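Visitor: Below you'll find the structure I mean.
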Ligand SMILES: [Zn+2]
């Protein structure tokens, strides 16, 4: 099945802005992490796990029992929870400006978009882990990616099951 990227651009944009509206400063990204987990469940992924670091995990089962691929995007932003998250649409130049749109709501939306596409495609050659990681920005110091989460997948749970 071919993917019509242009037709889906608006849907990806709307998903991006839905994520962007959930405050997620580093260290307080749990609400956004739960939202991402729910979105993955709605897409049919099971199990979807959230670890103690607020990393979210789902897995796309692949054809072969070879090392898995991990695709990740961070949920946290540099903006404090009191930040006005309003966005500005520049219709003429076809741009949208707002706190955390590009870093990293679009990344998280793309992760979910990827997950949605794979619901309608043949299984990929290998298992693919979708991971929304936490604590990437500033003092977060990549906490999510450095936690036991992704290494646990890579070392002991590289396959979906
Ligand atoms: Zn970032």
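The values are calculated or read from the model by the stated rules, or taken from the named source; none is laboratory data. A quick note: this is a predicted structure, and the numbers were derived from the prediction, not measured. Here Cβ is always computed from backbone atoms with ideal geometry, including for glycine, and neighbour counts include all displayed protein chains.
Visitor: Only one of these is closer than 18 Å to residue 54 by Cα and modelled with pLDDT of 95 or more: 142, 111. Name it.
Guide: Residue meeting the stated conditions: 111.
Visitor: From the set of residues in region 112-144 that are more than 18 Å from residue 16 (Cβ to Cβ), touching a helix residue (DSSP H, G or I) at 6+ places or on another chain (Cβ under 9 Å) and in a loop (DSSP other than H, G, I, E, B), which is farthest from the ligand (Cβ to nearest atom)?
Guide: For region 112-144, the residue satisfying everything is 124.
Visitor: A further question follows. Among the residues of region 83-102, count how many are surrounded by 13 or more Cβ atoms within 10 Å (Cβ to Cβ) and over 15 Å from residue 16 (Cβ atoms).
Guide: Count: 1.
Visitor: Residues being within 16 Å of the ligand (Cβ to nearest atom) and either surrounded by fewer than 23 Cβ atoms within 10 Å (Cβ to Cβ) or at pLDDT below 95 (or both): count how many of those fall in region 57-79.
Guide: Final tally of qualifying residues: 5.
Visitor: Could you please find all residues in region 86-111 being touching a residue at least 60 places away in the same chain (Cβ under 8 Å) and away from the ligand (no atom under 16 Å from the Cβ)?
Guide: 87, 96 - these are the residues of region 86-111 that are touching a residue at least 60 places away in the same chain (Cβ under 8 Å) and away from the ligand (no atom under 16 Å from the Cβ).
Visitor: Residue check: is residue 37 touching a strand residue (DSSP E or B) at 6+ places or on another chain (Cβ under 6 Å), closer than 20 Å to residue 140 by Cα and part of a helix (DSSP H, G or I)?
Guide: No: the conditions fail for residue 37.
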